[in-house]
Protein chains: 2
Amino acid sequence: MDLEARLADPVLDPQRHAEHPEELRLWLRLLTCAQLVEKNLRARLRGEFDTTLPRFDLMAQLERRPEGMKMSDLSRRMMVSGGNVTGITDQLVAEGLVERAAVDGDRRAYSVRLTAKGREVFDAMARAHENWIVQAFDGLSPREQKTLHGLLGKVKQANRAEPVIPKQNA
Amino acid sequence: MDLEARLADPVLDPQRHAEHPEELRLWLRLLTCAQLVEKNLRARLRGEFDTTLPRFDLMAQLERRPEGMKMSDLSRRMMVSGGNVTGITDQLVAEGLVERAAVDGDRRAYSVRLTAKGREVFDAMARAHENWIVQAFDGLSPREQKTLHGLLGKVKQANRAEPVIPKQNA
DNA sequence: TATTGTTATACTCTATAACTATA
DNA sequence: TATAGTTATAGAGTATAACAATA
């Protein structure tokens, strides 16, 4: 997970082992960029809003659903297991940012919604978040950003739904 | 950490909220690509070699240091705390891939080295790893790879050593 | 029976701090 | 005192599985 580890990594660092293909350099750099930005986001969410990425993500889900979302919806949308959604939601409820409301017609389910305070807090976070991201890419011209977006699109395409390797031993 | 969460994220997904700047789309895609590839690497290291990324990274460090590295060196190079290096090393020792040798002149320190078996295993892993990475980028021509590498270089430049936000509350 | 959600547990990866042995 | 390494503990972030209540 650590960037500089790979920077110093003989297998991954082409400065030291020129025989390794360019792809390794490219991968290293891609990973470094993503980690740099993500670490920054986490640190700032923590430092400025005392929150975490999953909590931010959950609130982002709710922001556009004033009517609320069920726990199962959140689980699907966030691609996270149900137990985790319960935990994240519990934290947000404790902070008064989110509330569980009864769903009529199904007494098993809750509708999770932002509270008024939650909406307020989220708006501030989302504005800051947007600025951080804009900053992160301000080294690129709009033209370059577009090119980068396109190239990453191809990478994404080639890598999505990659076949999971069946375990050979276990 | 989850890719599709952000895909479905109203704040981050420009398909839904066109008023959000292109940078958010770009960030989302960058993150998705990095996670796709990294998840794949982890799954394959696990599935084919029953190992983890930190274990692989530590062995990669040792591969080019036949004379061995001290725990403190590993800690610095991997950018990970000393306690963690102890844990990772313990696992590798238990597997017979790595050994702690006495350092003469300092009885506090160890020299950690790959065993013969460790070298063998690592060679196989490194070859496979290289192939996985080459595969990950085979959707791009060499020309495109070079362009991507260059653009990511600019992003990296603009984001490295970003000032850490001083905590405001705590 | 199937589904919704919670609880319990565990695993990976990381950090800090207290501690031991040596320098 | 300072350094090398270990141990203990904690905290994100994730997963699975057993369970309760309801459908």
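Values in this text are rule-based calculations from the coordinates and carry no lab data. No experiment lies behind these values; they were computed from the predicted model shown. In this analysis, Cβ positions are derived from the backbone assuming ideal geometry, glycine residues included, and neighbour counts consider all displayed protein chains.
Separation between the A:Val103 and B:Asp123 pseudo-spin-labels, each 7 Å from Cα along Cα→Cβ, expressed in nm?
Here the modelled spin labels are 5.8 nm apart.
With θ set to phi - 60° and the Karplus curve 6.51 cos²θ - 1.76 cosθ + 1.60, what are the ³J(HN,Hα) couplings of region B:105-114 in order, to the nearest whole Hz, using x for Gly and Pro?
Couplings: x, 8, 7, 7, 9, 10, 10, 8, 9, 5 Hz.
Could you tell me which residue in chain A puts its beta carbon nearest the axis mapping A onto B, with the distance rounded to whole Å?
Checking which Cβ lies nearest the axis yields A:Ala34, 2.
Along Cα→Cβ, 7 Å out, is where each label goes; now give me the distance between the ones at A:Ala94 and A:Val134 in nm to one decimal.
For A:Ala94 paired with A:Val134, the spin-label model returns 3.5 nm.
If you take the beta carbon distance between B:Arg46 and A:Asn84 as r and set R0 to 22 Å, what does 1/(1 + (r/R0)^6) give as a FRET efficiency, to the nearest 0.05? Please list the in-between numbers first.
Working: r = 21 Å, r/R0 = 0.95.
About 0.60, to the nearest 0.05.
Assume the label is 7 Å from Cα along Cα to beta carbon: what separations in nm does A:Gly82 have to the matching positions in the other copies?
Distances between equivalent label points, in nm: 4.6.
In the structure shown, do any of A:Lys146/B:Lys39; B:Lys39/B:Lys156; A:Lys70/A:Lys156; A:Lys70/A:Lys117; B:Lys70/B:Lys156; A:Lys70/A:Lys154 have a Cα-Cα gap over 24 Å, and if so which? Each step should come with its number before you reach the end.
Values: A:Lys146/B:Lys39 26 Å; B:Lys39/B:Lys156 21 Å; A:Lys70/A:Lys156 30 Å; A:Lys70/A:Lys117 20 Å; B:Lys70/B:Lys156 30 Å; A:Lys70/A:Lys154 34 Å.
Over 24 Å apart, Cα to Cα: A:Lys146/B:Lys39; A:Lys70/A:Lys156; B:Lys70/B:Lys156; A:Lys70/A:Lys154.
Put the label 7 Å from Cα along Cα→Cβ for A:Gly96; what are its distances to the other copies, in nanometres, shortest first?
Label-point distances to the other copies, shortest first: 6.2 nm.
Taking a label point 7 Å from Cα toward Cβ, how far is B:Glu144 from its twins in the other copies, in nm, shortest first?
2.1
From the phi angles alone, apply the Karplus equation (6.51, -1.76, 1.60; θ = phi - 60°) to region A:49-64 and give each ³J(HN,Hα) in whole Hz, x where the residue is Gly or Pro.
Karplus values, whole Hz, x for Gly and Pro: 10, 6, 9, 10, 5, x, 5, 4, 4, 4, 5, 4, 4, 6, 4, 9.
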